[in-house]
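Since every read-out is calculated from the coordinates, none of them should be taken as a lab result. Everything numeric in this text was worked out from a predicted model, so none of it was measured. Glycine also receives a Cβ, built like all others from the backbone with ideal geometry; neighbour counts cover every protein chain displayed.
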Amino acid sequence: MRLDVLTLFPEMFSGYLSQSILNKSIERGLVEIHVHNMRDWSTDKHNKIDDRPFGGGPGMILMVEPVVNCVRDVQKMAPEPGTLILTTPQGQRLCQPMVEDLAIHQRFIVLCGRYEGFDQRVMDILQPMEVSIGDYILNGGEVASMVLIDSLVRMVPGVLGDELSNWDDSFSRGNRMLEYPQYTRPREFEGHEVPDVLLGGNHGAIEGWRKEQSLEKTKQRRSDLLDS
Ligand code: ADE
């Protein structure tokens, strides 16, 4: 999977990209991530990429020309232009089924919004898929892009050490249940004990207990998942 990120703050991605799962996937050639500074496409001698909104109002607007040029140039950097995604609070809400549908694709260009937004003609011309990570406002699309990238990358076969470990995660592949509780050593800590069933070695009983726990937790915390 190849991802190109277009941002005004490329340095925000360096820590994220060096974290272990991602870094290993990049080293193993499973994932390629390129971060581009949109400012490099400025057509202005002061490297400006934003301007005041026509009609007045607060904040600055990202200009159409540098953004469109940047996207078009980056599209040409690989054999296929890829799926263009814009992270914005006005987008479709990200959820696991959307991630699974998207992860079929091999290439993505992720456009991170900033300031008061983009000139509307960016969306009119490029027709990106607009994605929100939730009903709250972040300072920009960078953190949202990292959330999206993280969810996509773990769908790439081989990225997770244990091929099955994302298979039964909450929300995956139609699973609409929260995860059961897990324990490791010691068996007892400050009077809190590991449930006996997990120590007995009866796999059928363990599976039954886990299903029951999942259902109970989902009923208590996210009954909306059971309704749908
Ligand atoms: N940019 C600012 N807030 C955002 C959100 N909630 N989702 C995606 N992009 C954003």
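As a footprinting exposure proxy, order Cys112, Cys70 by other Cβ within 10 Å, with the fewest listed first. Show your work: numbers first, answer last.
Values: Cys112 25, Cys70 22.
Listed from fewest to most nearby Cβ atoms, that is Cys70, Cys112.
A simple spin-label model places pseudo-atoms 7 Å from Cα toward Cβ; at His192 and Leu215 they are separated by 2.6 nm. Annotation: amide H-H contacts under 5 Å for Leu86 (H modelled 1.01 Å from N, sequence separation of 5 or more, or interchain): Leu111, Met129, Glu130, Val131. Rounded to the nearest 20 debye, the dipole size of the chain about its Cα centre is 220 debye, using +1 on the Cβ of Lys and Arg and -1 on the Cβ of Asp and Glu. In summary, the lysines within cross-link reach of Lys219, defined as a Cα separation below 28 angstrom excluding same-chain residues under 8 places away, comprise Lys211.
Rounded to the nearest 500, the 222 nm mean residue ellipticity of the chain from helices alone is -10000 deg cm²/dmol, with -39,500 (n - 2.57) taken per DSSP H run of at least 4 residues.
Note on region 176-227: dipole from Cβ charges, positive end direction compared against Ser223, Leu198, Gln182; the farthest Cα belongs to Ser223. When the GluC sites (Glu not before Pro) in region 1-79 are filtered for DSSP coil states and for at most 12 other beta-carbon atoms within 10 Å of their beta-carbon, the remaining sites are Glu11. Couplings 3J(HN,Hα) for region 84-97, derived from phi with the Karplus relation 6.51 cos²θ - 1.76 cosθ + 1.60 (θ = phi - 60°), are 8, 10, 10, 8, 7, x, 8, x, 5, 6, 5, 8, 4, x Hz, where x marks Gly and Pro. The equivalent ellipsoid of the chain has semi-axes of 42, 20, 16 Å, largest first, where each one is the square root of 5 times an eigenvalue of the Cα gyration tensor. Sequence-ordered 3J(HN,Hα) estimates for region 139-154 from the Karplus curve with 6.51, -1.76 and 1.60 and θ = phi - 60° stand at 6, x, x, 5, 5, 4, 5, 5, 4, 4, 4, 4, 5, 6, 4, 6 Hz, glycine and proline given as x.
Using the average count of surrounding beta-carbon atoms within 10 Å as a protection proxy, the listed peptides 122-130, 202-210 rank, highest first, as 122-130, 202-210. For the peptides 139-149, 212-222, the ranking by packing is 139-149, 212-222, with the highest mean count of neighbouring Cβ atoms within 10 Å listed first.
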